[in-house]
Amino acid sequence: MSAFDFLSRRAQRVGTVRFKRVWGSALAFTGSLILGASAFAQTPAVGAKAPDFTLSTPTGKAVTLSAEQGGHGVVLVILRGFPGYQCPYCVKQVHDFVDHASDFKAKKTRVLLVYPGPPADLDQHAKEFLEKQAELPSNVVLVTDPDYKVTNLYGLRWDAPHESAYPSTFILDKKGTVVFEKISHSHGDRLFAQDALGHLSTN
């Protein structure tokens with residue numbers, strides 16, 4: 001074998017090894033992109049089962065969505081929480097639901113309010129938020145979402161300065177299936193109690 005043939009074959013082997021490494025890296029990268037895309041949470045659509053979760057009240061009591069249902073319908077309200085200030089639209093919406101708590105109780109429906117925001121002092125901010133409300137009735141519960149666990153789980157993270165979550169409302173039947181949803185990409189576009197009650201009466 002000539003020196004030229006030896007060097008030529010060696011170059012081919014080196015080139016093949018490098019090609020396999022590059023191709024393997026490309027496949028791994030593509031796979032990670034596919035897996036990453038599938039891992040992104042999607043907002044549950046009407047007809048889908050609402051993802052279960054456990055959060056805590058500002059005083060530390062754990063609340064699980066499925067346990068909160070317990071054979072009841074649930075109105076799940078994702079607020080803007082604390083995006084750096086107390087949102088006046090959230091105050092208005094929650095006050096409205098509290099005023100109609102007896103109407104929801106008559107329909108055997110519970111209202112679960114999720115208050116997201118940066119982790120620092122979020123429970124304290126939630127307590128201050130509740131000071132603006134009448135005392136919460138037994139069928140209205142507020143929990144905090146300090147790490148955006150539920151906000152991300154439901155695909156509702158509003159990742160922009162002075163934002164936390166897209167304000168949204170989901171109406172769930174006794175089995176936890178979404179029968180109505182309203183997702184807002186503005187601050188004031190909210191579902192209020194009378195509209196929620198109307199959807200409960202027809203579902």
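For (1) within 21 Å of the chain's Cα centre (by Cα); (2) over 22 Å from D159 (Cα atoms); (3) not hydrophobic (A, V, I, L, M, F, W, C), each residue gets a yes or a no:
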position: V91; (1), (2), (3): yes, no, no
position: V94; (1), (2), (3): yes, yes, no
position: F97; (1), (2), (3): yes, yes, no
position: K105; (1), (2), (3): no, yes, yes
position: V111; (1), (2), (3): yes, yes, no
position: L122; (1), (2), (3): yes, no, no
position: H125; (1), (2), (3): yes, no, yes
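Determine whether segment 166-185 contains at least one residue that is surrounded by 13 or more Cβ atoms within 10 Å (Cβ to Cβ), of a type outside the set (D, E), within 19 Å of P83 (Cα to Cα) and more than 12 Å from the chain's Cα centre (by Cα). The answer is yes, given that some residue of segment 166-185 is surrounded by 13 or more Cβ atoms within 10 Å (Cβ to Cβ), of a type outside the set (D, E), within 19 Å of P83 (Cα to Cα) and more than 12 Å from the chain's Cα centre (by Cα).
Could you go through segment 189-196 and let me know if any residue there is charged (D, E, K, R), touching a strand residue (DSSP E or B) at 6+ places or on another chain (Cβ under 7 Å), open to solvent by 50 Å² or more (accessible area, probe 1.4 Å) and at negative phi. Checked against the condition, which is being charged (D, E, K, R), touching a strand residue (DSSP E or B) at 6+ places or on another chain (Cβ under 7 Å), open to solvent by 50 Å² or more (accessible area, probe 1.4 Å) and at negative phi, segment 189-196 yields no hits at all. Here D147 meets the list (1) open to solvent by 30 Å² or more (accessible area, probe 1.4 Å); (2) modelled with pLDDT of 95 or more almost entirely, failing just condition (2).
Name the single residue, out of those in segment 150-165 being among the hydrophobic types (A, V, I, L, M, F, W, C) and touching a strand residue (DSSP E or B) at 6+ places or on another chain (Cβ under 7 Å), that is surrounded by the most Cβ atoms within 10 Å (Cβ to Cβ). Let's see the steps before the verdict.
Residues of segment 150-165 that are among the hydrophobic types (A, V, I, L, M, F, W, C), as a first pass: 150, 153, 156, 158, 160, 165.
In the following step, the residues that additionally are touching a strand residue (DSSP E or B) at 6+ places or on another chain (Cβ under 7 Å) were identified as 150, 156, 158, 165.
Details: V150: 22, L156: 22, W158: 18, A165: 24.
The qualifying residue surrounded by the most Cβ atoms within 10 Å (Cβ to Cβ) is A165.
R110 meets the conditions (1) surrounded by 20 or more Cβ atoms within 10 Å (Cβ to Cβ); (2) touching a residue at least 60 places away in the same chain (Cβ under 8 Å); (3) touching a Gly at 6+ places or on another chain (Cβ under 8 Å) in every case but one. The failed one is (2).
For segment 176-190, enumerate the residues that are touching a residue at least 40 places away in the same chain (Cβ under 8 Å) and part of a loop (DSSP other than H, G, I, E, B).
Within segment 176-190, G176, H187, G188, R190 meet the criteria.
When we screen F19, F82 for residues that are hydrophobic (A, V, I, L, M, F, W, C) and modelled with pLDDT under 95, the only hit is F19. Residues in segment 113-144 that are closer than 20 Å to H162 by Cβ, open to solvent by less than 30 Å² (accessible area, probe 1.4 Å) and either in a loop (DSSP other than H, G, I, E, B) or touching a helix residue (DSSP H, G or I) at 6+ places or on another chain (Cβ under 8 Å) (or both): V114, Y115, P116, G117, F129, T144.
The values are calculated or read from the model by the stated rules, or taken from the named source; none is laboratory data. Every value quoted in this text rests on a predicted model; they were computed, and no experiment measured them. FYI the Cβ positions are ideal-geometry reconstructions off the backbone, even for glycines, and counts take in every protein chain you see. These area figures cover heavy atoms from the full protein model, side chains too; ligands, DNA and RNA do not enter into them. Shrake-Rupley method; radii C 1.70, N 1.55, O 1.52, S 1.80 Å.
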